[in-house]
1. So A:PRO54 passes all but one of these: (1) crowded, with 22+ Cβ neighbours inside 10 Å; (2) modelled with pLDDT under 95; (3) within 14 Å of chain B (Cβ to nearest Cβ). Which condition number does it fail?
2. Does the range B:142-170 hold any residues that are within 14 Å of chain A (Cβ to nearest Cβ) and not in a helix (DSSP H, G or I), and which are they?
3. Return the residues of the range A:102-119 that are more than 9 Å from chain B (Cβ to nearest Cβ) and surrounded by fewer than 20 Cβ atoms within 10 Å (Cβ to Cβ); say none if nothing qualifies.
4. Tally time: how many residues in the range A:341-360 are among the hydrophobic types (A, V, I, L, M, F, W, C) and at pLDDT below 85?
5. Can you find a residue that is part of a strand (DSSP E or B), in the same structural domain as A:PRO218 (by TED's automatic domain parsing) and not acidic (Asp, Glu) anywhere in the range A:68-76?
6. So which of A:SER9, A:SER85, A:SER40, A:SER23 ends up being polar (S, T, N, Q) and within 29 Å of A:ALA149 (Cβ to Cβ)?
7. Can you name every residue in the range A:157-181 that is within 14 Å of chain B (Cβ to nearest Cβ) and either of a type in the set (Ser, Thr, Tyr) or under 15 Å from A:GLY78 (Cβ atoms) (or both)?
Amino acid sequence: MSILLEQVSKGYASNQAVVNNLSLEIETGELFVLLGASGSGKSTLLRLIAGLLPLDKGRIWLHGREVTNLSPQQRNTGFVFQSYSLFRHMTVAQNIAFGLSIKRAGRAEQDARVKELLNLIQMEGLGDRMPHQLSGGQQQRVALARALAPEPEVLLLDEPFGALDAKIRVQLRQTLREIQRRLHVTTILVTHDQDEAFELADRIGIIEKGDLLEIGTPGELYRRPRNRFTATFLGSANLLPAHRNSHHIFVGEARLPAPPDSEHLQDQPVEILFRPEEISLAPTAETPSETVIGRGVVQEATFAGPLERVLLKLNRESNGEKAQLLQALLSPSEAQQLGIKPGQEVWVGLKNYHLLARVS
Amino acid sequence: MREISVRSPLQMVVLGAVLLYAFLLLFAPMAAIVVGAFSQGVEALIKALSVPDVAIAFRLTFSLTIASVAINTVAGIGIAWVLVRHKFPGKRLMDALVDAPFVFSPVIVGYALILLFGRNGWFSSPGFQLAFSYPAMLIACVFVSLPFVTRELQPMLLALTGEQEEAAYTLGSSRWKTFRRIVLPQIWRGLLYGIILTAARSFGEFGAVVVAGGGIERVTESAPVYVFRALNDRNQVGAYGVSLLLGILSISILVAMSLIRRRGAQH
């Protein structure tokens, strides 16, 4: 285990807990993404690990060494800030060499390491530049090199691409992924951007109001979330109240086979989760009948790049319940075949679905 | 900045009035001092400046200046640091209090020191009296020149945000090393500016120093205090001569300040 957090809590004065009794294990060489909205406590958690903030309760281990009460200087972490925070009065090379010079590495060793890292971040020959002569993307790459130079045990990145243009951001993600894979350095990256999380993460941890709600690979969290917040926070989600007995799920009048991974939810109030791309629409009810959940009326259809986004109002057979709005994504050919237009009636089927415990 | 060249007669009149005003207020007194100092010839001036009292006064003034600069540099950095980097109750009050020396008359400061440290003062003890002594003068100097370093450094530390320091900490750099290698190189210009202002205020201070020190001849008589006594004694050449030396010091400080400012603007 590379990073081990045990019931870590942190509250600021006069406020409720910012990080609340949080435990987490991260494997060596893993790239773990902490995903959460602003104010969720994700950056605070990163600062606690780096020792930049004292924690109120709990313990932290890095590579088997307890660092709970150690200063940031003693923890051997590399930290990258959203605003780069390069030393403005030093050249790129001096910035990168700073950690080594603190450790009193020899001049030759420093030079060699600087050259190696400039190479790694694809900025050969720019060692003599000053930070203000660099673009934002270049500055952040230097910040990464500076953090990596002393060979930290863990790399901590706090919204590292947050201040960059969309295009640069995507490039830098790839650079970071390659470097992280090559160096095999255990990494935690904090972000609010789910695309970033999906693209980079070995595992994602969803953090909300100081609680770590759920951990899993991007695929697991997207397809089989256990938590409603996770389901709605990652991508778009359609959620309908449902009931499960031993073999089936009942959504309104519709009866669907229960997914095998939902046995623990038997005879409990549940919600059925399906993604917009998991909806199939048909003009008649003749599509595989067991997945049909009802009839809907197209509210609007909008162009969404490679796919067509369709907003549906689901008319439940059982009356008295409020009509539910559903989001569907169709391929342009599908949409054309059905002749999707507002006001049109369609049958709504599910290609795939997942069950969640319903919290009242 | 855009500069306008003078065109109309009205503009010329206004410009002329401004220049005349500045000349009368700034240059005329300096000219008067120079003329006064040399009024009885160079020999008389040299003689007037050669009396031991003058040497003692200048020694005292320099000593006060150096000590007060040293104290206020360290204290000023500390106060600025605490006010920018730390959160504590009463922070805003303390921030406002830093300006107190600007608004209090120096004479009041000197008098307050006598009340504190004089005979029967709050902090006086039998056999040891701080009032009318070098320490009292030093406290007076330190007090009146306290805000300069702090006020110069506060905006600079604020602009540094603290993240560079945090980055340095995670790279293994101790607090002191971080200050020396990361913070100081980025604030030294402001620090130097604050130090020069502190020095200027300290060596020119009269009111607080004369009250707190008592202006005892050859003991607590700093250069500005000597000027005052020389004038009372109708020792015109002595008064003008010491004033001339103090004036030369002031002008060197002005030059140094404008050099620092111009260098700073280039960066």
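1. The one condition A:PRO54 does not meet is (1).
2. So the first thing to find is which residues in the range B:142-170 are within 14 Å of chain A (Cβ to nearest Cβ), and the list is B:156-157, B:159-170.
Residues satisfying the conditions are B:THR161, B:GLY162.
3. Across the range A:102-119, the qualifying residues are A:ARG104, A:ALA105, A:GLY106, A:ARG107, A:ALA108, A:GLU109, A:ASP111, A:ALA112, A:LYS115, A:GLU116, A:ASN119.
4. Pass one, the range A:341-360, residues among the hydrophobic types (A, V, I, L, M, F, W, C): A:346-348, A:350, A:355-357, A:359.
From what's left, at pLDDT below 85: A:359.
Qualifying residue count for the region: 1.
5. No: the range A:68-76 contains no residue that is part of a strand (DSSP E or B), in the same structural domain as A:PRO218 (by TED's automatic domain parsing) and not acidic (Asp, Glu).
6. Only one candidate qualifies: A:SER85.
7. Going residue by residue through the range A:157-181, those that are within 14 Å of chain B (Cβ to nearest Cβ) are A:157-160, A:162-163.
Within the range A:157-181, A:LEU157, A:ASP158, A:PRO160 qualify.
Yes/no matrix, rows are residues, columns are (1) under 21 Å from the mean Cα position of the chain (by Cα); (2) on the phi > 0 side of the Ramachandran plot; (3) not in a helix (DSSP H, G or I):
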residue	(1), (2), (3)
B:ALA48	no, no, no
B:ASP53	no, no, no
B:ALA67	yes, no, no
B:GLY78	yes, no, no
B:VAL82	no, no, no
B:ARG92	no, no, no
B:GLY121	no, no, yes
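The values are calculated or read from the model by the stated rules, or taken from the named source; none is laboratory data. Computed from a predicted model, the values in this text were never measured in an experiment. Cβ atoms come from the backbone with ideal geometry, glycine included; neighbour counts cover every protein chain shown.
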